[in-house]
Amino acid sequence: MQSYRNEHQLSRESFLEKLQLLIVSYFCVSTEMRFIVQSRSGFMKPEVKKEKELEQEYWHVKALEIACAFLPSECPLFNHILLSYQKHHDPTNQPIHEDEEQEDVINVLRPLRGIENSKYQPMIRELNNVYIDIAEIPVSPLSKCFDHRLVPKKVKTAGVNV
(Lines give C-alpha, C1' and ligand atoms only; values in the text may rest on other atoms or scores of the structure.)
Protein backbone atom coordinates (compact mmCIF):
# COMPACT_ATOMS: atom_id res chain seq x y z
CA MET A 1 0.00 0.00 0.00
CA GLN A 2 2.85 2.44 0.86
CA SER A 3 4.51 1.75 -2.49
CA TYR A 4 1.31 2.68 -4.34
CA ARG A 5 1.08 6.02 -2.47
CA ASN A 6 4.67 6.88 -3.36
CA GLU A 7 4.10 6.05 -7.02
CA HIS A 8 0.96 8.19 -7.02
CA GLN A 9 2.94 11.15 -5.65
CA LEU A 10 5.29 10.87 -8.63
CA SER A 11 2.56 10.58 -11.25
CA ARG A 12 1.94 13.29 -13.82
CA GLU A 13 -1.48 14.16 -12.40
CA SER A 14 -0.17 14.47 -8.85
CA PHE A 15 2.73 16.64 -10.02
CA LEU A 16 0.40 18.95 -11.95
CA GLU A 17 -1.92 19.18 -8.95
CA LYS A 18 0.98 20.26 -6.73
CA LEU A 19 2.09 22.81 -9.32
CA GLN A 20 -1.42 24.22 -9.52
CA LEU A 21 -1.55 24.57 -5.73
CA LEU A 22 1.78 26.41 -5.80
CA ILE A 23 0.60 28.68 -8.63
CA VAL A 24 -2.64 29.49 -6.82
CA SER A 25 -0.73 30.15 -3.60
CA TYR A 26 1.64 32.62 -5.25
CA PHE A 27 -1.24 34.30 -7.06
CA CYS A 28 -3.27 34.61 -3.83
CA VAL A 29 -0.30 36.17 -2.01
CA SER A 30 0.04 38.71 -4.81
CA THR A 31 -3.67 39.50 -4.88
CA GLU A 32 -3.96 39.89 -1.11
CA MET A 33 -0.91 42.15 -1.04
CA ARG A 34 -2.47 44.29 -3.78
CA PHE A 35 -5.68 44.63 -1.77
CA ILE A 36 -3.74 45.57 1.38
CA VAL A 37 -1.64 48.15 -0.47
CA GLN A 38 -4.76 49.65 -2.06
CA SER A 39 -6.57 49.89 1.26
CA ARG A 40 -3.60 51.47 3.07
CA SER A 41 -2.06 53.52 0.26
CA GLY A 42 -3.03 56.81 1.92
CA PHE A 43 -1.09 55.89 5.06
CA MET A 44 2.09 54.52 3.47
CA LYS A 45 5.24 56.39 2.67
CA PRO A 46 5.88 56.42 -1.11
CA GLU A 47 9.04 54.30 -0.81
CA VAL A 48 7.25 51.67 1.32
CA LYS A 49 4.32 51.61 -1.10
CA LYS A 50 6.70 51.14 -4.06
CA GLU A 51 8.49 48.31 -2.22
CA LYS A 52 5.21 46.51 -1.48
CA GLU A 53 4.01 46.99 -5.07
CA LEU A 54 7.22 45.39 -6.34
CA GLU A 55 6.79 42.51 -3.90
CA GLN A 56 3.23 41.89 -5.05
CA GLU A 57 4.37 41.96 -8.68
CA TYR A 58 7.16 39.51 -7.78
CA TRP A 59 4.64 36.93 -6.49
CA HIS A 60 2.39 37.48 -9.50
CA VAL A 61 5.32 36.94 -11.87
CA LYS A 62 6.32 33.74 -10.04
CA ALA A 63 2.79 32.38 -10.48
CA LEU A 64 2.75 33.39 -14.16
CA GLU A 65 6.19 31.89 -14.85
CA ILE A 66 5.24 28.50 -13.43
CA ALA A 67 1.82 28.54 -15.11
CA CYS A 68 3.32 29.46 -18.47
CA ALA A 69 6.01 26.81 -18.18
CA PHE A 70 3.76 23.88 -17.28
CA LEU A 71 0.10 24.59 -18.06
CA PRO A 72 -1.53 24.48 -21.50
CA SER A 73 -2.79 27.75 -22.97
CA GLU A 74 -6.45 26.73 -22.71
CA CYS A 75 -6.18 26.19 -18.93
CA PRO A 76 -8.57 28.61 -17.14
CA LEU A 77 -6.11 29.09 -14.26
CA PHE A 78 -3.33 30.15 -16.64
CA ASN A 79 -5.68 32.48 -18.52
CA HIS A 80 -6.90 34.14 -15.32
CA ILE A 81 -3.38 34.75 -14.00
CA LEU A 82 -2.23 36.07 -17.38
CA LEU A 83 -5.18 38.46 -17.74
CA SER A 84 -4.73 39.67 -14.17
CA TYR A 85 -1.02 40.30 -14.78
CA GLN A 86 -1.78 42.18 -17.99
CA LYS A 87 -4.34 44.30 -16.15
CA HIS A 88 -2.19 45.19 -13.14
CA HIS A 89 1.50 44.90 -14.10
CA ASP A 90 1.91 44.57 -17.87
CA PRO A 91 5.15 46.33 -18.87
CA THR A 92 3.63 47.36 -22.22
CA ASN A 93 1.07 49.49 -20.34
CA GLN A 94 3.73 51.44 -18.42
CA PRO A 95 4.24 55.08 -19.44
CA ILE A 96 7.35 55.79 -21.47
CA HIS A 97 9.26 58.86 -20.32
CA GLU A 98 11.02 60.01 -23.47
CA ASP A 99 13.50 62.22 -21.62
CA GLU A 100 14.73 59.39 -19.38
CA GLU A 101 16.63 56.20 -19.99
CA GLN A 102 14.50 53.08 -19.46
CA GLU A 103 15.94 50.71 -16.87
CA ASP A 104 13.35 47.93 -17.16
CA VAL A 105 14.48 44.60 -18.58
CA ILE A 106 11.67 42.77 -20.37
CA ASN A 107 11.62 38.97 -20.74
CA VAL A 108 9.32 36.77 -22.81
CA LEU A 109 7.98 33.68 -21.04
CA ARG A 110 7.90 30.50 -23.05
CA PRO A 111 6.53 27.08 -22.10
CA LEU A 112 8.77 24.09 -21.52
CA ARG A 113 9.23 21.66 -24.38
CA GLY A 114 6.29 19.33 -24.74
CA ILE A 115 3.74 21.75 -23.25
CA GLU A 116 0.96 22.78 -25.61
CA ASN A 117 1.04 26.49 -25.03
CA SER A 118 1.57 28.16 -28.36
CA LYS A 119 -1.14 30.80 -27.93
CA TYR A 120 0.56 33.00 -25.35
CA GLN A 121 4.09 34.14 -24.67
CA PRO A 122 3.65 36.92 -22.12
CA MET A 123 6.19 39.65 -21.56
CA ILE A 124 7.21 40.29 -17.97
CA ARG A 125 9.39 42.85 -16.31
CA GLU A 126 12.51 41.39 -14.70
CA LEU A 127 12.49 42.28 -11.02
CA ASN A 128 15.80 42.47 -9.20
CA ASN A 129 16.47 43.40 -5.60
CA VAL A 130 12.94 42.82 -4.34
CA TYR A 131 12.90 42.46 -0.56
CA ILE A 132 10.47 39.97 0.93
CA ASP A 133 9.67 39.96 4.63
CA ILE A 134 9.30 36.49 6.08
CA ALA A 135 7.55 36.70 9.43
CA GLU A 136 7.87 34.18 12.23
CA ILE A 137 4.92 31.83 12.54
CA PRO A 138 4.03 30.78 16.09
CA VAL A 139 3.97 27.00 16.21
CA SER A 140 3.57 24.41 18.95
CA PRO A 141 6.30 23.86 21.57
CA LEU A 142 7.95 21.53 19.08
CA SER A 143 9.04 24.65 17.22
CA LYS A 144 12.22 24.66 19.33
CA CYS A 145 13.27 21.57 17.42
CA PHE A 146 13.13 23.40 14.08
CA ASP A 147 16.19 24.17 12.08
CA HIS A 148 17.87 27.57 12.60
CA ARG A 149 17.29 28.31 8.89
CA LEU A 150 13.59 28.92 9.65
CA VAL A 151 14.34 32.05 11.66
CA PRO A 152 12.57 35.10 10.15
CA LYS A 153 14.70 37.23 7.89
CA LYS A 154 14.61 39.56 4.93
CA VAL A 155 15.33 37.82 1.65
CA LYS A 156 16.84 39.76 -1.23
CA THR A 157 15.93 38.25 -4.58
CA ALA A 158 18.37 38.20 -7.44
CA GLY A 159 15.65 37.91 -10.05
CA VAL A 160 12.47 36.04 -10.79
CA ASN A 161 13.66 33.47 -13.29
CA VAL A 162 12.47 29.93 -12.53
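E32 - would you say it is closer than 29 Å to P72 by Cβ and either modelled with pLDDT under 85 or surrounded by fewer than 12 Cβ atoms within 10 Å (Cβ to Cβ) (or both)?
no
Quick grid of which residues meet (1) modelled with pLDDT of 90 or more; (2) buried (at least 18 other Cβ atoms within 10 Å of the Cβ); (3) in contact with a strand residue (DSSP E or B) (Cβ under 7 Å, 6 or more places away or on another chain); (4) not acidic (D, E):
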position: V61; (1), (2), (3), (4): no, yes, yes, yes
position: I66; (1), (2), (3), (4): no, yes, no, yes
position: F70; (1), (2), (3), (4): no, yes, no, yes
position: P76; (1), (2), (3), (4): yes, no, no, yes
position: I96; (1), (2), (3), (4): no, no, no, yes
position: E101; (1), (2), (3), (4): no, no, no, no
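Scan the stretch 80-102 and tell me whether some residue there is within 18 Å of N129 (Cα to Cα), small (G, A, S) and in contact (Cβ under 8 Å) with a residue 12 or more places away in the chain.
The answer is no; no qualifying residue exists.
The values are calculated or read from the model by the stated rules, or taken from the named source; none is laboratory data. Quick caveat, the model's predicted, so the values are computed rather than measured. As a convention, Cβ positions derive from the backbone with ideal geometry for all residues, glycine included, and neighbour counts pool all protein chains shown.
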